[in-house]
1. Find which of Thr423, Val404, Val393 sits farthest along the positive direction of the dipole of segment 388-437, computed with +1 on the beta-carbon of Lys and Arg, -1 on that of Asp and Glu, about the Cα centre.
2. Give the accessible area for Arg156 in Å² (nearest 10); use a 1.4 Å probe, count only protein heavy atoms, and leave out ligands, DNA and RNA.
3. Can you tell me the length gained on complete extension of the stretch Phe368 to Tyr161, counting 0.36 nm per residue apart and subtracting the Cα distance?
4. Nearest 0.05, what FRET efficiency do Leu387 and Arg144 give at R0 = 30 Å with Cβ-Cβ as r?
5. Taking the Cα-to-Cβ direction at Lys226 and at Arg428 and moving 7 Å from each Cα, how far apart do the two end points lie in nm?
6. Mind ranking 186-199, 337-350, 389-402 by how tightly packed they are, going by the mean number of other C-beta atoms within 10 angstrom, highest first?
7. Ignoring ligands, DNA and RNA, what percent of the 1.4 Å accessible area of segment 175-249 is carbon and sulfur?
8. In square nanometres, what is one fourth of the surface area of the convex hull spanned by the alpha carbons of segment 294-412?
Amino acid sequence: MTIIRKFNHHSLPAIVLLAVVFTFSFTSCKEKKTANNPQHQAMEQDKMADHSQHQGEGESANSEIYTCSMHPEIIRNKPGKCPICGMELIKKSGNNKKIEGVDLNTLLKPSNSFVISSIPVTTLESNKENIEADALGYIAYDTRQVGTVSARVSGRIEKLYVRFRFQKVSAGQKIMDIYSPELLTAQQNLLFLLKNDADNTGFINSAKEKLLLLGMSNEQLQQVIKTQKPSFTISVYSKYSGHIHESTGSMSNGNNIPGAMKDISLVTEELSIKEGMYIQKGQNIFSIYNPSKVWALLNIYADKQGMIKQGNGVQLTAETAPDRSFNGRIDFIEPFFRKENKTLSVRVYFDNSKLQLPVGSQVKAKIFGGPQSTDWLPKESIVSLGLDKVVFVKAPGGFMPHIVETGFTYNGKTQILKGLLVTDTVARNAQFLMDSESFIKIK
């Protein structure tokens with residue numbers, strides 16, 4: 001017990017001294033470690049910068065502020081590098097301007113019926129424009145010039161004088177020879193009357209008229225009377241000049257072509273009508289299309305349809321003769337959309353007897369709509385909602401959508417027919433006011 005007390009009495013100062021040294025060493029190490037930590041230094045400097053910024057906020061409200069794009073907590077009042085990542089600090093805008101004329105009620109309006117923006121605006125522009133439109137198309141037969149060759153009697157084809165599709169024939173050219181029992185009987189009746197009852201002119205004239213109605217020509221009839229012998233075949237002649245096609249009513253197995261050549265293999269393909277085949281009375285055998293009287297079929301897209309009128313002048317250039325342009329006028333506007341292209345088609349009639357342009361060749365056209373005085377808006381000012389066209393009209397604090405009625409588009413401008421006044425102001429580019437996650441609500 002005396003030894004322990006003696007030890008405690010003598011070692012107490014040493015223990016106290018050891019504790020003081022340990023505490024001092026631990027504090028020094030912690031401060032040294034903290035001083036070597038860049039993030040800690042940055043945070044300390046940020047606190048100092050914030051403190052100094054709050055102190056001088058009234059004096060330098062517009063001072064330049066720099067921050068790190070990766071570490072926005074780093075804020076400096078001069079350029080430099082981020083102490084954490086080493087990236088260059090970027091300037092942060094501190095000039096926040098107050099938006100005048102916008103209150104809480106404006107901000108609470110739904111974005112699909114009211115848009116807050118300060119984009120440029122425009123108004124209606126009233127002037128006169130010389131309208132021109134480009135179009136593409138092709139040359140087709142004029143169906144008003146189509147002639148048909150039909151059978152006036154039933155019978156068998158003894159001789160065929162045309163052999164392939166698109167073969168050119170002339171008016172008066174022999175097409176085929178037909179053997180007809182009905183026609184043979186009618187000739188024999190005429191010869192019987194001439195031989196046994198020559199004074200009965202009424203019956204004789206009726207017999208002659210019947211033969212002419214059955215398709216016999218006057219020359220053939222006179223030949224029968226002269227020779228006193230019936231003709232076993234009757235010749236069928238063409239009354240038209242042009243290219244020959246098999247008619248829809250003939251035995252063409254669905255390979256007929258209604259006007260323009262669609263398959264080049266059909267040009268030299270043989271006709272489905274052959275010698276020895278029987279035909280019926282009234283059957284359409286051939287159609288003859290005149291290549292000298294043709295149409296140019298032009299396709300008009302939706303944005304140009306409003307300017308197209310019957311009688312508009314057209315300048316045409318064919319791909320087969322690019323150095324020879326010729327003029328025409330719109331003869332007919334088709335009242336329907338063609339299934340294959342979904343465009344409006346117009347027909348320009350012209351005489352092809354001198355040009356000799358191949359049917360089916362492509363053409364490009366310039367249509368002259370003439371001067372038109374109307375109200376215009378830039379094309380980008382209008383948003384299409386399908387059937388409705390919308391502009392954004394300037395209102396206090398923002399823009400409101402408004403329905404307008406439009407016409408055609410020309411040179412980047414769209415014709416406004418109804419819905420706006422001259423005093424109305426609209427957004428120049430309405431696409432900037434569209435919300436991709438909403439829809440336009442129009443009252």
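The values are calculated or read from the model by the stated rules, or taken from the named source; none is laboratory data. Since the model is a prediction, treat every value here as computed from it, not as a measurement. Cβ: placed from backbone, ideal geometry, glycine included. Neighbour counts: every protein chain shown. Ligands, DNA and RNA are excluded from the accessible area calculation, which covers all protein heavy atoms including side chains. Shrake-Rupley method; radii C 1.70, N 1.55, O 1.52, S 1.80 Å.
1. Thr423
2. The value for Arg156 is about 70 Å².
3. Length gained, Phe368 through Tyr161: 69.8 nm.
4. Once the sixth-power term is evaluated, E becomes 0.25.
5. Rounded to a tenth, the inter-label distance reads 8.9 nm.
6. For the peptides 186-199, 337-350, 389-402, the packing ranking is 389-402, 337-350, 186-199.
7. Carbon and sulfur together cover 54 percent of it.
8. If you wrap the Cα atoms of segment 294-412 in a convex hull and average its projections, you get 9.6 nm².
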